[in-house]
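J.: First, the structure itself, so that you have it in front of you.
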Amino acid sequence: MKRLSIAILALLGYLTVDAQTKKYTNHNEFSVITYGPAFLESGFGLHTFHGVQLHENIALGLNTGVDRYPVNNEGSKWFLPLSAKVNYVEFPDRKRSFFTGLDLGYSFAFLNKNLVESNLKYEYQGGLLVNPQLGWRFKFKNSAKYWSLATGYRYQHYSRKDTYTRPSPNLPDTSIGYGTTQMDKKYDLHRFTLQVGFGF
């Protein structure tokens, strides 16, 4: 994850310099994040992409925002994603065009409240984010602005570190003895997304 963070920071530096010579582009999206087309236990995401046009078909930049995921028996979890993103538009000059995109980055979990009780403490940690998408974009008449409709797959990893202080009623079979026990719970979320956006 450290290498990924360094790569994203390097991309930020590159974009800051390169934006002076290449065209700036922006794309903002609202996402429904769900287990499937039935939209059961749906979450949502708000994302904003800022980048440069490397080519008339290809844009490269950074994507960030906020995500809310319902997790079975765990309530809702909140993340702040930061990812490198590449967008490809098949026919940028046409009124309607197919496009595809890919996010690769890291989501921070500090928006989740850590639980602290007398014998138990929860601490959330973020993790890898991968989000390929494909869809259509529709340009407004005589304008570079457009709106988009896309679907995709969103993978989010995160973990929770549970620290038990013994003796603890929350930890079975440890009524004898003292000390602390730590357990790492890892979560891999696989979600279907439907995204509506606006860009220029």
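The values are calculated or read from the model by the stated rules, or taken from the named source; none is laboratory data. From a predicted model like this one, the values you see are computed outputs, not experimental measurements. Heads up, the Cβs are rebuilt from the backbone with ideal geometry, glycines too, and the neighbour counts pull from every protein chain shown. Heavy atoms of the whole protein, side chains included, go into the accessibility calculation; ligands, DNA and RNA do not. Shrake-Rupley method; radii C 1.70, N 1.55, O 1.52, S 1.80 Å.
J.: Tell me the relative contact order for the range 47-164 as a rounded percent, counting alpha carbon contacts under 8 Å between residues six or more apart. Mind showing how you got there, number by number?
T.: Numbers: 279 pairs, mean separation 23.1, N = 118.
It rounds to 20 percent for the range 47-164.
J.: Give me the number: length gained by fully extending residue 58 to residue 93, i.e. 0.36 nm times residue separation minus the C-alpha to C-alpha distance, one decimal in nm. Let's see the in-between values first.
T.: Details: separation 35, 0.36 × 35 = 12.60 nm, distance 1.29 nm.
Contour length minus Cα-Cα distance gives 11.3 nm.
J.: Also, quick follow-up: In Å², and per residue, what accessible area does the range 53-115 have when probed at 1.4 Å with the other protein chains present?
T.: About 51 Å² of surface per residue is accessible.
J.: Cα to Cα, under 19 Å, and not fewer than 8 places away if on the same chain: which lysines meet these conditions relative to residue 85?
T.: The qualifying lysines are 2, 22, 23.
J.: While we're looking at this one, here's another question. Is the C-alpha gyration tensor of the range 31-123 telling us rounded, prolate or oblate? Criteria: a/c under 1.5 is rounded; beyond that, a/b larger than b/c is prolate, otherwise oblate. Walk me through the intermediate numbers first.
T.: Values: a/c = 4.48, a/b = 2.04, b/c = 2.19.
Verdict is oblate for the range 31-123.
J.: Right, another one. Excluding same-chain residues fewer than 8 positions from residue 186, which lysines have a Cα within less than 18 Å of its Cα?
T.: 77, 113, 121, 161
J.: Please give me the summed charge of the neighbours of residue 97: other residues whose Cβ is under 11 Å from its Cβ, Lys and Arg +1, Asp and Glu -1.
T.: Here the charged neighbours net out to +3.
J.: What are the ³J(HN,Hα) values, in whole Hz, obtained from phi via the Karplus relation 6.51 cos²θ - 1.76 cosθ + 1.60 with θ = phi - 60°, for each residue of the range 73-87 in sequence order, with x given for Gly and Pro?
T.: The phi angles translate into 6, 10, x, 9, 10, 10, 9, 10, x, 9, 9, 7, 9, 10, 10 Hz.
J.: Over the range 56-115, what is the mean sequence separation of C-alpha contacts under 8 Å (at least six apart), divided by residue count, expressed as relative contact order in percent?
T.: Relative contact order comes out at 34 percent.
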